[in-house]
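Asker: Dumping the structure here so I can ask a few things about it.
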Amino acid sequence: MRHRLTLGIAALLAPLLASSVTAQTTTPDYTIPAQPRRPQSPETPQHAARIGWWRQAKFGMFIHWGIYSVPAGVYKGEDVKGIGEWIMNHAKIPVKDYEKYAADFNPTKFDADAWAQLAQDAGMKYLVITAKHHDGFAMFKSEASPYNIVDATPFHRDPMKELAAACAKRGIRFGFYYSQAQDWHEPNGIGNTWDFGPDDKKDFEQYFQDKCIPQVTEILSNYGPIALVWFDTPRNVMTPERAGKLEKLVHTLQPNCLVSGRIGQGSKSDYDSEGDNHIPPTVRTGDWETPATLNDTWGYKAHDHNWKKPEDLVFKLTDIVSKGGNYLLNVGPTAEGEIPPESQQILHEVGIWTKANGEAIYGAGVTPFGAEFGKPSGKNDSRGRPIYDAPKDWRCTTKPGKLYFSVFNWPTDGKFLTPPITDKVKGAYLLADPDHKPLAIENTDKGLSISVPEKGLTPYATVIVVETE
Ligand code: GLC
């Protein structure tokens, strides 16, 4: 009771206190250098114009959907290890056998509006779907190859037309993934060595001219405005010359379309893609994105139930935004055309959080601090990247005059302590509090101490806004 009363008085006094608080100019006990970045397009006016929406968007839906959802991770009765869309490669399935999955692919439950609505409900602002993955099967109507969903499956519909329309209706930007180098269906595509022999003996140029370029032309010509093309696994065949050609093709057909990071050597991409599921340990400059799975696969696998928890996803979202990136989170629909119910449930829960706290995410900038990311643990991951001992108590994102502390570890003593804030502090409140009732604040030599209610307001993390001058 006494505690409540104190808090109440403190809250009343808060506006008075706030105006007199100038936080200290001391820096945290150590600072972490921003991560270097790989080269991207220079900030030309064209680049700046086309990337603007993407810098605001922060959160997108990735969809890996293809005929690999028919075997769904199982070949000849055996579970095939690894990511689902790689089953043809991992099990070395001959083209003539893999092709048969097309005849069994009839996703009658596919509902473009339901998919786009799910993305919207989760708080995702763009959607990127596999037009053609490494298996070579086009999920759109293609004149360049009959190996496509309209001509080679009993479905006979072009789901990409429907999805493009469903996204447009909701103001969700629509983009395509396209595997430009690997194509396990074609003798001269990269990757299928079990049917077609070593890659270095192939006439890749034939594949590039006869399938890749015509299909990239199709996806940019037949589906309205395309937000971005997400190229992948360039291997060594995407020389600067070919990568340049492809980039030019995209930007000629649709000047506002972004080219993602994995296009090829000497790439002129619009933004960089981190490794799959990799989040850099600290702030990284430049435009970048972490593509990530909801379980352990991209393409649907019936036996993969290793779902990430909504809290973990919300943490990763704020973590990524606080480091300057975008989060492209994947779902893998089934061969019937449904996004797995578990994925739907998880995304709905994430959406409850983004709906209440979106201001801390969309268009938000990086943390001015850094100490919250912890320190290098001395260990590296399998690719030699440093692993940090990263506390998960809170993350900070910013907008002019505002610091957003997404607090995952809600204080038990009624006080949230920020690192020292260099700007003059005007006040603090909870983002999800509709009244934005001022919280009592006190400047200490360790930072700003904010009196907070016993419990947070939203699941997983409550956002405390600190307003500065
Ligand atoms: C990879 C894989 C692939 C997946 C992608 C998503 O590089 O080859 O199957 O589409 O990452 O980021």
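The values are calculated or read from the model by the stated rules, or taken from the named source; none is laboratory data. Keep in mind the model is a prediction, meaning the values are calculated, not measured. Ideal geometry is used to build each Cβ from the backbone, glycine not excepted, and the neighbour counts take in all protein chains shown. The protein model used for the area step is the full one, side chains on, heavy atoms only, and it has no ligands, DNA or RNA in it. Shrake-Rupley method; radii C 1.70, N 1.55, O 1.52, S 1.80 Å.
Asker: In µm²/s, what is D for the chain at 25 °C and 0.890 mPa s, where D = kT/(6 pi eta Rh) by Stokes-Einstein and Rh is the Kirkwood radius from Cα pairs?
Answerer: 103
Asker: Now for a different question. Could you give me the ³J(HN,Hα) list for segment 232-247, computed from phi with Karplus coefficients 6.51, -1.76, 1.60 and θ = phi - 60°, whole Hz, x at Gly and Pro?
Answerer: Along segment 232-247, the couplings run 8, 6, x, 6, 8, 7, 7, 5, x, 5, 5, 4, x, 4, 5, 4 Hz.
Asker: Here's something else I'd like to know. Given a 1.4 Å probe and the protein chains all in place, what does the accessible area of R173 round to, in Å² to the nearest 10?
Answerer: We get 110 Å² for R173.
Asker: Here is a further query. If you count the DSSP beta bridges with both ends in segment 110-258, what percent of them are antiparallel, to the nearest 5?
Answerer: Given both bridge residues lie in segment 110-258, the antiparallel proportion sits at roughly 10 percent.
Asker: While we're looking at this one, here's another question. Around E469, under 9 Å between beta carbons, what's the net of Lys plus Arg minus Asp minus Glu among the other residues?
Answerer: 0
Asker: Beyond a 26 Å Cα-Cα separation, which of these cross-linked pairs lie in this structure: K201/K301; K96/K132; K100/K169; K211/K301?
Answerer: K201/K301; K100/K169; K211/K301
Asker: What's the carbon and sulfur percent of the chain's accessible surface, probe 1.4 angstrom, rounded to a whole number?
Answerer: 54
Asker: Could you rank V314, V95 by how accessible they are, 1.4 Å probe, largest area first?
Answerer: If we order V314, V95 from most to least accessible, we get V95, V314.
Asker: Non-local amide H neighbours of K399 (under 5 Å, H modeled in plane, Pro and chain starts lacking H): which ones?
Answerer: G365, Y404
Asker: What does DSSP give for segment 39-160 in terms of the percent of beta bridges that are antiparallel, rounded to the nearest 5?
Answerer: Of those bridges, close to 40 percent are antiparallel.
Asker: Considering only the chain, what is the antiparallel percent among its DSSP beta bridges, to the nearest 5?
Answerer: Taking every DSSP beta bridge within the chain, about 50 percent pair in antiparallel fashion.
Asker: Excluding I213 itself, calculate the net charge of residues whose Cβ lies under 15 Å from the Cβ of I213, where each Lys or Arg counts +1 and each Asp or Glu counts -1.
Answerer: -4
Asker: Write down the accessible area per residue of the chain in Å², having rolled a 1.4 Å probe over the full set of protein chains.
Answerer: Here the per-residue accessible area is 42 Å².
Asker: Please give the calculated 222 nm ellipticity per residue for the chain, where each DSSP H segment of at least 4 residues contributes -39500 (n - 2.57) and the sum is spread over every residue; nearest 500 deg cm²/dmol?
Answerer: Rounded to the nearest 500, it is -8000 deg cm²/dmol.
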